[in-house]
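All remarks here apply to the structure that follows.
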Amino acid sequence: QLQASGGGLVQAGDSLTLSCAASGLTLRSYSMAWFRQAPGKEREFVAATKASSSSIAYAESVKGRFAISRDNAKNTVNLQMNSLKPEDTAVYYCAAGRSVIVSSMRRDQAYNYWGQGTLVTVSS
């Protein structure tokens, strides 16, 4: 029901925009998040926005470089990634959750629906 796209191979310092599209879900009614998993590492939180976009959270490692946004007309959620670093290399997953409270926005257990992931590779 969630489809992440936009990944690819880029160089350090480049920008990339990931998109999460949904079928069967109206994303404006859900809190949305992006997580990522690098090879050999656990999945980690990247960014999240509440259904109303009243609260937005970012991991410290991406704050100031990444931006999460909604396009309600297209029923998508995007992750604009700027100034990419090799350590941003990972599979990026989008996730949707109902009734996610602010204190749980960074927890993957708070989200019910997950996309299949899109690979971002940043070369140095």
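The values are calculated or read from the model by the stated rules, or taken from the named source; none is laboratory data. Worth saying up front: this structure is predicted, and the values here are computed from it rather than measured. Glycine also receives a Cβ, built like all others from the backbone with ideal geometry; neighbour counts cover every protein chain displayed. Note: accessible area is taken over every heavy atom of the protein model, side chains too, but ligands, DNA and RNA are not part of it. Shrake-Rupley method; radii C 1.70, N 1.55, O 1.52, S 1.80 Å.
Odds and ends about this structure:
- Counting only strands (runs of 3 or more DSSP E) wholly contained in the range 28-69, the ones carrying 1 or more residues that are over 19 Å from Y113 (Cβ atoms) and open to solvent by 20 Å² or more (accessible area, probe 1.4 Å) occupy 56-58.
- Filter result (of a type outside the set (K, R) and either farther than 18 Å from Q109 by Cβ or touching a strand residue (DSSP E or B) at 6+ places or on another chain (Cβ under 8 Å) (or both)) within the range 29-43: S29, Y30, S31, M32, A33, W34, F35, Q37, A38, P39, G40
- Put simply, of S104, S83 the only residue that is farther than 21 Å from A21 by Cβ and either surrounded by 15 or more Cβ atoms within 10 Å (Cβ to Cβ) or among the acidic types (D, E) (or both) is S104.
- Cβ pairs under 8 Å, 6+ apart, first in the range 55-84 and free of Cβ contacts under 8 Å to residues at least 40 places away in the same chain, second open to solvent by less than 50 Å² (accessible area, probe 1.4 Å) and among the charged types (D, E, K, R): I56/K50; V62/D88
- Residues of the range 91-101 classified as open to solvent by less than 70 Å² (accessible area, probe 1.4 Å) and either at pLDDT below 95 or more than 11 Å from the chain's Cα centre (by Cα) (or both), total: 2
- Scan of the range 76-108 for residues that are of a type in the set (S, T, Y) and in contact with a helix residue (DSSP H, G or I) (Cβ under 6 Å, 6 or more places away or on another chain), ordered by number: S104
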